[in-house]
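So the structure is just underneath, and the comments pick up after that.
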Protein chains: 6
Amino acid sequence: DRDMAEDNTVAGVVTGLAWTPVGGDILFIESTIYPGSGKLTVTGNLGEVMKESAIIALAWIKANAHTFSIDSRIFSKFDIHIHVPEGATPKDGPSAGVTMLTALTSLLTQRKVKKNIAMTGEITLRGKVLPVGGIKEKILAAKRSGITDIILCKDNQKDIAEIEPEYIEGIRFHYVSRMGEVLDIALTDELVDEPVDFQAMMESMEVSKALSLST
Amino acid sequence: DRDMAEDNTVAGVVTGLAWTPVGGDILFIESTIYPGSGKLTVTGNLGEVMKESAIIALAWIKANAHTFSIDSRIFSKFDIHIHVPEGATPKDGPSAGVTMLTALTSLLTQRKVKKNIAMTGEITLRGKVLPVGGIKEKILAAKRSGITDIILCKDNQKDIAEIEPEYIEGIRFHYVSRMGEVLDIALTDELVDEPVDFQAMMESMEVSKALSLST
Amino acid sequence: DRDMAEDNTVAGVVTGLAWTPVGGDILFIESTIYPGSGKLTVTGNLGEVMKESAIIALAWIKANAHTFSIDSRIFSKFDIHIHVPEGATPKDGPSAGVTMLTALTSLLTQRKVKKNIAMTGEITLRGKVLPVGGIKEKILAAKRSGITDIILCKDNQKDIAEIEPEYIEGIRFHYVSRMGEVLDIALTDELVDEPVDFQAMMESMEVSKALSLST
Amino acid sequence: DRDMAEDNTVAGVVTGLAWTPVGGDILFIESTIYPGSGKLTVTGNLGEVMKESAIIALAWIKANAHTFSIDSRIFSKFDIHIHVPEGATPKDGPSAGVTMLTALTSLLTQRKVKKNIAMTGEITLRGKVLPVGGIKEKILAAKRSGITDIILCKDNQKDIAEIEPEYIEGIRFHYVSRMGEVLDIALTDELVDEPVDFQAMMESMEVSKALSLST
Amino acid sequence: DRDMAEDNTVAGVVTGLAWTPVGGDILFIESTIYPGSGKLTVTGNLGEVMKESAIIALAWIKANAHTFSIDSRIFSKFDIHIHVPEGATPKDGPSAGVTMLTALTSLLTQRKVKKNIAMTGEITLRGKVLPVGGIKEKILAAKRSGITDIILCKDNQKDIAEIEPEYIEGIRFHYVSRMGEVLDIALTDELVDEPVDFQAMMESMEVSKALSLST
Amino acid sequence: DRDMAEDNTVAGVVTGLAWTPVGGDILFIESTIYPGSGKLTVTGNLGEVMKESAIIALAWIKANAHTFSIDSRIFSKFDIHIHVPEGATPKDGPSAGVTMLTALTSLLTQRKVKKNIAMTGEITLRGKVLPVGGIKEKILAAKRSGITDIILCKDNQKDIAEIEPEYIEGIRFHYVSRMGEVLDIALTDELVDEPVDFQAMMESMEVSKALSLST
Ligand SMILES: [Ca+2]
Ligand SMILES: [Ca+2]
Ligand SMILES: [Ca+2]
Ligand SMILES: [Ca+2]
Ligand SMILES: [Ca+2]
Ligand SMILES: [Ca+2]
Ligand SMILES: [Ca+2]
Ligand SMILES: [Ca+2]
Ligand SMILES: [Ca+2]
Ligand SMILES: [Ca+2]
Ligand SMILES: [Ca+2]
Ligand SMILES: [Ca+2]
């Protein structure tokens, strides 16, 4: 029951790495956005710590919206939903932080995610990336799934050094310590096909509200 | 205590497939809509994962409303209720995802559901259909109940290959990998009898609000 | 400690049937309505499934309000309260569904409930009545309490066939499969004495709000 | 640690009767009201069923406000708080229903409660009083505390018949079956000293809101 | 780890008495107020009964605001926070009621609390003070901490009578039965230094809201 | 897996000290702020007492906003998020109070935190700093991490006196009893680079709201 890397041509979907008692696996962080009132919904049978990762990722983006040319009004005029598929499997822990951050930034900028890239790492509110566990199993799973680029915390470099070289042949490792570096590596400058036009949507939302008021 | 397929002449009701410790069964996903403020209610003695399926289905429809010519204002001016009958039986798991998706899309477009069709499969926020378990028991139950068409995830095709051919005689299988394919197969282009006219209802809601304000 | 059938001259009160470990019993579903903001309150030491029955009944009435000439604005300008007496006894299960449906429809239309009628059956969101258990005990209790008419799901007819005829002598059974049939049988066309005039109340609520705004 | 009957010269305070593992006791239901937004708060270390009694009492009064000449706007412009003293003792059960009903009606009409009266009985949403347990212990406690008048459900009359006459000498019993009878017996027609003037308060609340808006 | 009495020159801070398995202790009830929307926050690792004391104290003050010349609009335009220090220690029970009442009244009137005074007693919604336990241990702790005046419920006078006179030498006891008496004794007529000017703050809040609206 | 002191050039991030079963550690309190509606979010796998510390710190700052020249409107027009990294580790207790206070004050004033400073101590609502446990382990961890200045409660001075002098060589201890002293020591008068301009942000938020209204 093995997942394979996919073309991430849609905004808001990024590949992460998970450790499970029976070995590593890749997982997908999916996110979407639609008109609403600023609510964040998180699904996928997640524990409290993993839900907190989503909250932290969104808070960091809100506080740094100008850096990514994101119009802050989006945060109060749309709802955001993050989902981690395979609902039958409970999931927890902070290691999907970088993946959630990348998914949300892609969603809000409509920028394409790099092909065949995966990542694992805890995030913090001031923008640091922290090391996580289960690296060997995660890397082997990534390789099996066709991943060619992996983003890790610098402090996880020592875990890679302990893996037999033939197991990681052909994988490029990107070691980072800041969340900004993750986004520089993982997000391309290209927009996805048929990107959401937030400005146009907000204007049309204003118009239909005004029409209601003047009925 | 066996349920039989029914004419789905009403919008928002779709047949799913369930696995239980004593064999497969069909189940119905029922949905309805009425003036409100954008609330989603889910009943039927459901566990958290099954409730999440309903939330995911609605989020995906909200983010893809234009594809189905659904007026986005409906989501904030009506309440939606999803129910899975037989309240005495606790139910859980992600496999009703495709059924909930189809029910909600039928409800919001007022399109008729194909006759004698049933389905089972997990859904994700980016529009994928994932495989689920208990296929053999579910298929046998569907046959007993008069189902002629079944939608499954492509990754469940191997489970069908393992069933003795005489048990599945006369059933057409539709293997899909995307949620859009599910809707193409399951929803007809025909509206139900006496379809809800959302535009007329929203206009009449505006008028009665305006009358209140000018009292 | 036996309850007896009562003249249901007040709107919103209907007799149901309950199964308990020490035999059947009749129970009353009571409902009331007063100016508010669309909230539904459910009391009586009820479990989750029984609370869901109340939510389903109200949702179905909201979605079918026009059928019963109920002004939809009532649902947002009044609060509704459903209570099941004898708070010391925990109660659960879906079988009070038809009773709650009938109580709420009587409440919202101010139509009288038929005398000496009782009922038991699960309801669904699309308007079906489903069979329930404990029929023999419930029927015996109804008889002891002076009930003359009982509404049951068609699928419960077989349970009646198994009861010795002398135990059910003098009781008329009404077998139904749709919620609309329940209401046709249980509600008379006569209004209760001193019916609530929702239109007058809503107008007076508007006036007093307007007076406040113009102070 | 015995409580004694008190002059109920303040609105909203009524004496109830409680059964405890070590014998009966009297208890006080206290209620108060202040400008707010229609919230009901219930304190006193109460279980769910006892909290439901307070909700039922208030709902019944709201639905019958005109009977007691209570201005319905009070329910949305004030908050109501019900407290049952002696927070260290957990309390539960439906038997304080009549006491809560009487306390709230006194509070909202500012009518004095009869002196030296106590009561016990469950209430229902349609206005019935139901019998409760522990009658003998409750009556003995009432007598010790100086109570001279006790309101009970008619169905509890048989419990009184079983008590030795000398134990109840000098106590008048009032047997009721309707909540309106409770109020007729327990509430005098006299207002408390310095009654709250709800109309004046609401007008002054409007004025200060208008002043704010025109600043 | 012994706390000592402190000069209560700040409004809203009052000394209470606590019983613990290892003897009595003094504790402080601290309260503060700031612009908000009428929310009450209670912290300090408190159990449900102790939180209820805070709610009761505030409700009683709201219902008696005129007695203390408190402008009722304060309750909806400010938030109030009550804290009981030493977060590592769980605390519960009703005996801090009088202390919370005094703290909140001092906070809302900005009146100074009497020096070297401490108190213990349950409060009720109609203004009574009820006796509490652990009196001997509490008194000894108060003496060790430099307390000179103690407020107790009249019904606790018998507990004082049982303490050896030399242990309570130099302490003045104030026995009360009403909450108004507590405030008469514990609050001076003097305002604290730099008292909060609620009227000025509310006016400035109105002005800045008006400026926003007219932008 | 040892954390090292970091240049706190960003507002809202402060170093605290933690005790764990395997020795002391430093930890970081991170905070951030963004347009919102006055919500406080706290993440990091924290127990109830540690969450209360954040609430107390923010309440104290709100009540003393003028002292720090903080515009009170910020509290209702922005959301604040506090995070304590390393989500896999559950954390609890009141000892991060001073650290949270310093982080929030830095965030709201945009003042730089002193380099290489760490702190531990409980806070109270009236501005006191209380002693905490685990001092020896915390100090040793601070030294290993390159901390040169440590703020402690005066009542913790005796714990320092018990540590062998060579273990604390080169560390300056700052003993405090008031929260104002903590901020005097820990916050410099210098603003961080590219400080958030709250006034400009609030004006721009008003403008975009006005534009919406006049559409
Ligand atoms: Ca997988
Ligand atoms: Ca990951
Ligand atoms: Ca079935
Ligand atoms: Ca299914
Ligand atoms: Ca009964
Ligand atoms: Ca029933
Ligand atoms: Ca007592
Ligand atoms: Ca009672
Ligand atoms: Ca202490
Ligand atoms: Ca105390
Ligand atoms: Ca660490
Ligand atoms: Ca700390």
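Tally up the carbon and sulfur contribution to the accessible surface of the protein assembly as shown as a whole percent, 1.4 Å probe, everything protein left in place. In the protein assembly as shown, the share of accessible area belonging to carbon and sulfur is 51 percent. When trypsin sites (Lys or Arg not before Pro) are flagged only if DSSP places them in a loop and at most 13 other Cβ atoms lie within 10 Å, the longest unflagged stretch of chain E comes out as E:40-215. For B:HIS174, the residues 5 or more places off, or on other chains, whose built amide H falls under 5 Å of its own are B:ILE150, B:ILE151, B:LEU152.
Taken about its Cα centre, the protein assembly as shown carries a charge dipole of roughly 1100 debye when the Cβ of each Lys and Arg holds +1 and the Cβ of each Asp and Glu holds -1. Once you list every other residue whose beta carbon is under 11 Å from the beta carbon of F:PHE28, what net charge do they have if Lys and Arg are +1 and Asp and Glu are -1? That works out to -3. Shape of the protein assembly as shown from its Cα gyration tensor (a ≥ b ≥ c, root eigenvalues): rounded if a/c is under 1.5, otherwise prolate when a/b > b/c, or oblate? In terms of gyration-tensor shape, oblate. Stretching E:ASP92 away from E:ARG172 to a fully extended chain increases their span by 26.1 nm, per 0.36 nm per residue minus the current alpha-carbon distance. Around A:VAL192, what is the net charge, scoring Lys/Arg as +1 and Asp/Glu as -1 over all other residues with Cβ under 15 Å from its Cβ? Charge balance near A:VAL192 sits at -3.
Annotation for region C:145-189: GluC sites (Glu not before Pro) lying in DSSP loop with at most 14 further Cβ atoms inside 10 Å of their Cβ are C:GLU162, C:GLU169. Largest to smallest in accessible area, the residues C:THR89, A:THR20 fall in the order C:THR89, A:THR20 (1.4 Å probe, all protein chains included).
Kirkwood radius for region E:20-130, taken over all pairs of different Cα atoms as the inverse mean of 1/r, rounds to 14.4 Å. Relative to the longest principal axis of the Cα atoms of chain E, helix E:97-109 runs at roughly 40 degrees. Modelled this way, with points 7 Å down the Cα-to-C-beta line, the labels at A:LEU211 and E:ASP189 are 6.8 nm from one another.
Within the protein assembly as shown, DSSP assigns beta bridges of which about 55% are antiparallel (rounded to the nearest 5). Total buried accessible area between C and D, probe 1.4 Å, nearest 100: 1700 Å². Average the reciprocal distances over every distinct pair of alpha-carbons in region A:103-208, invert the result, and give the Kirkwood radius in Å. Hydrodynamic radius (Kirkwood, Cα only) of region A:103-208 equals 15.5 Å. Dipole of region D:45-185 computed with +1 at Lys/Arg Cβ and -1 at Asp/Glu Cβ about the Cα centre; of D:MET179, D:GLY97, D:ALA141, farthest Cα towards the positive end is D:MET179. Kirkwood's formula applied to the C-alpha pairs of region A:1-56 gives a hydrodynamic radius of 13.4 angstrom. Phi angles across region A:139-144 convert, under the Karplus curve 6.51 cos²θ - 1.76 cosθ + 1.60 with θ = phi - 60°, into 3J(HN,Hα) values of 5, 4, 5, 4, 4, 3 Hz, Gly and Pro given as x.
Considering only region D:99-214, what is the antiparallel percent among its DSSP beta bridges, to the nearest 5? Around 40 percent of the beta bridges assigned by DSSP in region D:99-214 are antiparallel ones. Sorted from shortest to longest, the distances between the F:ASP197 label points of this copy and the other copies are 3.1, 3.2, 5.5, 5.5, 6.3 nm, with each point 7 Å from Cα along the line through the beta carbon. Taking each of B:LYS136/C:LYS136; A:LYS39/F:LYS209; A:LYS39/C:LYS51; E:LYS51/F:LYS128; D:LYS51/F:LYS77; C:LYS77/E:LYS62 in turn, the alpha-carbon distance tops 25 angstrom for B:LYS136/C:LYS136; A:LYS39/C:LYS51; D:LYS51/F:LYS77; C:LYS77/E:LYS62.
The other copies place their D:SER177 label points at 4.2, 4.2, 7.3, 7.3, 8.4 nm from this one, listed shortest first, where each point is 7 Å from Cα along Cα→Cβ. Overall, region C:88-194 carries a charge dipole of about 180 debye about its Cα centre when +1 sits on the Cβ of Lys and Arg and -1 on the Cβ of Asp and Glu, all other atoms neutral.
Solvent exposure of chain E, expressed per residue, is 42 Å² of accessible area, with all protein chains present and a 1.4 angstrom probe. Beta-bridge orientation, region E:1-146: approximately 70 percent antiparallel, per DSSP, counting only bridges with both partners inside.
Here, region C:13-214 yields an orientationally averaged convex hull projection of 12.0 nm² when only Cα atoms define the hull.
Counting from the shortest, the label point at B:MET4, 7 Å from Cα toward Cβ, is 4.4, 4.5, 7.7, 7.7, 8.9 nm from the same position in each remaining copy. For C:PHE78, the amide hydrogen comes within under 5 Å of the amide hydrogens of C:GLY36, C:GLY38, counting only partners 5 or more places away or on other chains and with H modelled in the peptide plane.
A cut-off of 5 Å between modelled amide H atoms, ignoring neighbours fewer than 5 places along the same chain, links D:THR20 with D:ASP25. Which residues belonging to region B:17-34 lose at least 50 Å² of 1.4 Å-probe accessible area when the assembly is complete, relative to their chain isolated? Correct list: B:GLU30, B:TYR34. In order along region C:18-30, the phi-based Karplus estimate (6.51 cos²θ - 1.76 cosθ + 1.60, θ = phi - 60°) of 3J(HN,Hα) comes to 10, 9, 10, x, 9, x, x, 7, 8, 9, 10, 9, 10 Hz; Gly and Pro are listed as x.
Normalising the average separation of contacting C-alpha pairs (under 8 angstrom, six or more residues apart) by the number of residues puts the relative contact order of chain E at 25 percent.
The values are calculated or read from the model by the stated rules, or taken from the named source; none is laboratory data. All values reported here derive from a predicted model rather than from experimental measurement. Positions of Cβ are backbone-derived with ideal geometry, glycine not excepted, and every protein chain shown enters the neighbour counts. Side chains included, ligands, DNA and RNA excluded: accessible areas come from the protein's heavy atoms. Shrake-Rupley method; radii C 1.70, N 1.55, O 1.52, S 1.80 Å.
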